[in-house]
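Have a look at the structure below, then the notes.
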Amino acid sequence: MALPTVIAVVPDSPAASAGVLVGDVLRTVNGEQPRDVIQYQMLVDEPQVVLDVERSGLERSIEIEKGAGQPLGIEVQSSLFDQVRTCDNHCSFCFIYQLPEGMRKSLYLKDDDFRLSFLYGNFTTLTRFTEADLERVVSEGLSPLYVSIHATDPDLRSHMLRNRRGATSLRWLRALLDHGVEIHGQVVVCPGVNDGAALEQTLIGVLDDYPELVSLA
């Protein structure tokens, strides 16, 4: 797991007053090693924050006192400190496959990470979602999320995603809704595949099985 590096410190912020510098590597926050900016933000919301940082090869501890919920005043280089959960679907309509060559590498990254769904509105198919993910979403209140449905027929959805887990992963959509998580859905309509009667079946299926959806695009 890559440790987050400070890329900006707000002048006159609690972090600046405590001596945090650009380039400091955050080893732990209040004794914990956050996996992403979500956990990091929860940890630094406390009125007392202890940062264990690495600076020029040396480790030091920085204690910061501030108001509860007051911004710490630090910007880190990445939203995810561990690896992005990549997508293992192979949808023929995926926009990544349609990008021209020669662009920056980050544009070709296929993610299927619920954290990026929460942070940026990225859509996830839930084919790599787990029970541990569900527990985290619920316990940390990570809502809303954005889910690619495409079809409610298990065989058709599996065919469209080119992933056998596509046939079963909508069970996580039901579980998320049961726990009160707000969900926005989408259906990418492909002529001759999931349009016509198949689209009608999908819309009926959404109304019957997932009526709590906030929206469906």
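Only the coordinates and a few stated rules stand behind these numbers; no lab work does. Keep in mind that what you see is a predicted model, and the values were worked out from it rather than measured. Glycine gets a Cβ as well: all are built from the backbone with ideal geometry, and neighbour counts include every protein chain shown.
Any idea what the relative contact order of segment 85-165 is, in percent, if you count C-alpha pairs under 8 Å spaced at least 6 apart?
34
May I ask you to evaluate 6.51 cos²θ - 1.76 cosθ + 1.60, the Karplus curve with θ = phi - 60°, for each residue of segment 15-25 and list the ³J(HN,Hα) values in order in whole Hz, giving x for glycine and proline?
Karplus-based 3J(HN,Hα) across segment 15-25 equals 5, 5, 5, 7, x, 5, 10, 4, x, 4, 9 Hz.
Using the Karplus equation 6.51 cos²θ - 1.76 cosθ + 1.60 (θ = phi - 60°), what ³J(HN,Hα) coupling, rounded to whole Hz, does each residue of segment 88-95 give in order, writing x for Gly and Pro?
Working through the residues one at a time gives 10, 7, 9, 5, 5, 8, 4, 5 Hz.
Taking the dipole about the Cα centre of the chain, with the C-beta of Lys and Arg at +1 and of Asp and Glu at -1, give me whichever of Phe129, Val188, Phe114 is farthest to the positive side.
Val188
Treating the beta-carbon of each Lys and Arg as +1 and of each Asp and Glu as -1, no other charges, what is the dipole magnitude of segment 6-76 about its Cα centre, to the nearest 20 debye?
Taking the Cα centre of segment 6-76 as origin, the dipole is about 100 debye.
Under 5 Å between amide H atoms, partner at least 5 residues away or on a different chain: which partners does Asp36 have, H built in plane at 1.01 Å?
Phe81
Quick check for me: using +1 on Lys/Arg Cβ and -1 on Asp/Glu Cβ, what's the dipole size of segment 103-217 about its Cα centre, in debye to the nearest 20?
640
Which value, in debye to the nearest 20, describes the size of the charge dipole of the chain about its Cα centre when Lys and Arg Cβ atoms bear +1, Asp and Glu Cβ atoms bear -1, and nothing else is charged?
Using Cβ point charges on Lys, Arg, Asp and Glu, the chain gives about 660 debye.
For the chain, just say rounded, prolate or oblate: build the C-alpha gyration tensor, square-root its eigenvalues into a ≥ b ≥ c, call rounded for a/c under 1.5, and beyond that prolate if a/b exceeds b/c, oblate if not.
Prolate, since a/c reaches 1.5 and a/b exceeds b/c.
Could you tell me which of rounded, prolate or oblate describes segment 6-76, using a ≥ b ≥ c as the square roots of the eigenvalues of the alpha-carbon gyration tensor, with rounded for a/c under 1.5 and, failing that, prolate when a/b is larger than b/c and oblate otherwise?
rounded
Could you go through segment 188-202 in sequence order and give the Karplus-derived ³J(HN,Hα) for each residue, using 6.51 cos²θ - 1.76 cosθ + 1.60 with θ = phi - 60°, rounded to whole Hz, and x for Gly and Pro?
Here the 3J(HN,Hα) series is 7, 8, 10, x, x, 10, 10, 9, x, 4, 5, 5, 4, 4, 5 Hz.
Can you tell me how segment 47-98 classifies by the Cα gyration tensor, rounded, prolate or oblate, using a/c under 1.5 as the rounded cut?
Judged from the Cα gyration tensor, segment 47-98 comes out prolate (a/c at least 1.5, a/b above b/c).
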